[in-house]
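Structure record follows, encoded as structure tokens.
Values quoted throughout were computed directly from the atomic coordinates according to the rules given, and no laboratory measurement underlies them. If you're wondering where the values come from, they're calculated on a predicted model, not measured in any experiment. With ideal geometry, Cβ positions are generated from the backbone for all residues, glycine too; neighbour counts draw on all protein chains shown.
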Amino acid sequence: MRIYLDHNAGAPLRPEARAAMLAVLGPPANPSSAHREGARARSLLEEARANVAALVGAPATDVVFTSGASEANNLALRGALAAAGRDAGLVTGATEHASVLETARALERTGVPLAVVSVDGEGRLEVADIVAACDARTALVSIGLANGEVGTIAPVRAIAAALRPHGILVHTDAAQAAGRLPVDVAALDADLVSISSHKLGGPAGAGALWVRRGTRLQALVTGGPQERHGATAGPRLPNTLNIRIPGCAGESLLVLLDLAGVAVSLGSACAAGAAEPSHVLRAMGLGDEAARSAVRLSLGPTTTAEEIDAVVELLPRLVRDVRARGRAGAAA
């Protein structure tokens, strides 16, 4: 039996999502076409848009579909800054998802003023630090609502409230929060909110960006501390556990867990295979060796108490195995 504890990377497709997909697979039709098939496709598309809007408490007309949260984040950052004009600046956090952080760095290379705000040892951002990083050029602040590696929740509402008088737009990547925490765009008071389908048990390759009405956005496409259980202070995602076991390499533990039928990850799936340790954990103050020993377990609606008990029983044996191999290698 396989135990899947990597829902933050991608949740299994829910039966109701599969059923909804199968119900609309059929003759090809473009929602923009004027014929009957096109009208049916348009109706289904707008029904889906309304459902996504309801998830975040937004009007359906303000939801823009994308191929996923990565595209939504790119659209938010690139689109908002392009619309803001030359010399418009950006502020973001050191633990953001790669689709935000790497996009921000790419924009910086083109001349966009960029400030990256550090986090504390729990992965938390201070509102005052965000405000202090902004200057007269800052047009956009992008802070993820929940971190997918350690589960830390950011004070997005407080950030938005502090920046609103200065006319600075606020974007939040809510891909890891939607479906796990209540996400309401009015309560967040943000201007742009990204979400993803496959984090919720929907199909891969689908996402959305909520855009506050009146927010100027330029289109991208024309023509069509870790030795304990993750962050221990402040609000956290209830499904995310990031653990570090001293003397136990995270990669070795991951392999043994996989062989034993348990799927976990070392951090963000988007950084899987990277030679460098997690930038999130390093930003939180961990050294490279400590960051490489971390393993992330993320639960979902289908995870059972029996599965968790099985993993808790299995872990000590695998940890002893990894440590023994490490000692043997050092002695050789």
*Among Leu200, Ser33, Val131, whose Cα sits farthest toward the positive end of the charge dipole of the chain (+1 at Cβ of Lys/Arg, -1 at Cβ of Asp/Glu, about the Cα centre)?*
Ser33
*Could you tell me which trypsin sites (Lys or Arg not before Pro) in segment 48-95 are loop residues by DSSP with no more than 13 other beta carbons within 10 angstrom of their beta carbon?*
Arg86
*asked:* Students often check this: by mean Cβ neighbours within 10 Å, which of 94-101, 121-128, 285-292, 197-204 ranks highest, and how do the rest follow?
replied: 94-101, 197-204, 121-128, 285-292
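Using a simple charge model, +1 on the beta-carbon of Lys and Arg, -1 on the beta-carbon of Asp and Glu, nothing else, what dipole does segment 57-211 show about its Cα centre, in debye to the nearest 20?
Approximately 240 debye in magnitude.
Can you pull a Stokes-Einstein diffusion coefficient for the chain at 10 °C (1.306 mPa s), Rh from Kirkwood over Cα pairs, as a whole number of µm²/s?
75
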*asked:* Given axes a ≥ b ≥ c from the Cα gyration tensor, I'd like to know whether segment 57-211 is rounded (a/c under 1.5), prolate (a/b larger than b/c) or oblate.
replied: rounded
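With charges set only on the Cβ (+1 for Lys and Arg, -1 for Asp and Glu), what does the dipole of the chain come to about its Cα centre, in debye to the nearest 20?
360
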